[in-house]
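What follows is a set of notes on a single structure, which appears directly below.
The values are calculated or read from the model by the stated rules, or taken from the named source; none is laboratory data. Quick caveat: nothing in here was measured; it's all calculated off a predicted structure. Heads up, the Cβs are rebuilt from the backbone with ideal geometry, glycines too, and the neighbour counts pull from every protein chain shown.
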Amino acid sequence: MATTGGTSSGPSAGGDAPQKRSAARNSAGPSVWRRLIQNAINWLVLGGIIVGVFFFLRAREKQKAAVPEKTEVPPVRLAANAPDTLELVPQTRDAMGVQVAEVKASPRTAPLKLFGWLYLEGSRLAHVQTVFIGRAVEIGQTVDEDGKQRALQPGDTVQEKQILAKLWSKEIGEKKSDLVDALSKLRWHENTLQRLNASIGAVPRKDVFEAQQNIRSDTIEIERLRRTLRSWQIPTTSWRPLRRKRSESLPSRNRPQCSKRPLP
């Protein structure tokens, strides 16, 4: 029993060793392939880094080479044959992509038709008003392009001191009549004072004072009417002849003069 057991145990011990070696080889195989794959990946990454650095340095060198060298020629200059004009040098023109072409007239297009209404511009419209009330009896004249005279119309160009219209005013007629009346009263009172001075001593002093006061009142009234006509911008040629006619009707020797003798 023992011999049988001993003989059977020998072959079993000798068969365990190859199994262990095959198991060791099987366990070592995947680790070797893993290391080989890891090394290959590392080399690939390293090679990619080296290639990237190479291309980066090469691109940088090209960029430096592409930068133009600074020249002393200015990019623009003043034109010699045209005032206030700049000329581009060829380098600047090429860098900016400027294209030079001959100036030509644009082709004709269809006229633009607009429909609407035109009004006078309010900022350039001035309303001319008179200082007195009246009725327009005549409109100012102007010369058109054909050289013919016609009445003024809206939009015509006028000049300073040009007559725009002639008015008939009742107020101006009344003021002129008042002026003639005042001149007539002044003449009458001057003649009265002249007669009183001729018979000095035979008339009361009160009458002489009243005649002098009447002359002063007439003079003030005449000046007031004249100022009113001037403020209305009435030409002096229209009412100055009234004074001239009054002066001509009264000779110088008959003009009243105040007596310098003391009154009794």
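Quick one: would you say Leu186 is of a type in the set (A, V, I, L, M), farther than 30 Å from Pro74 by Cβ and not in a helix (DSSP H, G or I)? The answer is no for Leu186.
Table: residues versus (1) under 30 Å from Ser231 (Cβ atoms); (2) at pLDDT below 85.
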position	(1), (2)
Glu121	no, yes
Arg150	no, no
Leu179	yes, no
Arg187	yes, no
Arg195	no, no
Ala198	no, yes
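Here Thr92 meets each of (1) within 39 Å of the chain's Cα centre (by Cα); (2) outside any helix (DSSP H, G or I); (3) surrounded by 10 or more Cβ atoms within 10 Å (Cβ to Cβ) with one exception, condition (2). The set of residues in region 159-211 that are of a type outside the set (D, E, K, R) and within 30 Å of Val143 (Cβ to Cβ) comprises Gln159, Gln162, Ile163, Leu164, Ala165, Leu167, Trp168, Ser169, Ile172.
If the condition is being of a type in the set (D, E, K, R) and under 15 Å from Ile222 (Cα atoms), then region 165-185 contributes Glu174, Lys175, Lys176, Asp178, Asp181, Lys185. If you check Leu112, Leu120, Leu167 for being touching a Gly at 6+ places or on another chain (Cβ under 6 Å), without any contact (Cβ under 8 Å) to a residue 60 or more places away in the chain and not in a helix (DSSP H, G or I), only one passes: Leu167. So is Ser177 over 46 Å from the mean Cα position of the chain (by Cα), without any contact (Cβ under 8 Å) to a residue 40 or more places away in the chain and at negative phi or not? Taking the combined requirement at face value, the residue satisfies it. Just one residue in the set Glu160, Glu145, Glu102 is loosely packed, with under 10 Cβ neighbours inside 10 Å, out of contact with any strand residue (DSSP E or B) (no Cβ under 6 Å at 6 or more places or on another chain), under 30 Å from Arg230 (Cα atoms) and free of Cβ contacts under 8 Å to residues at least 40 places away in the same chain; that residue is Glu160.
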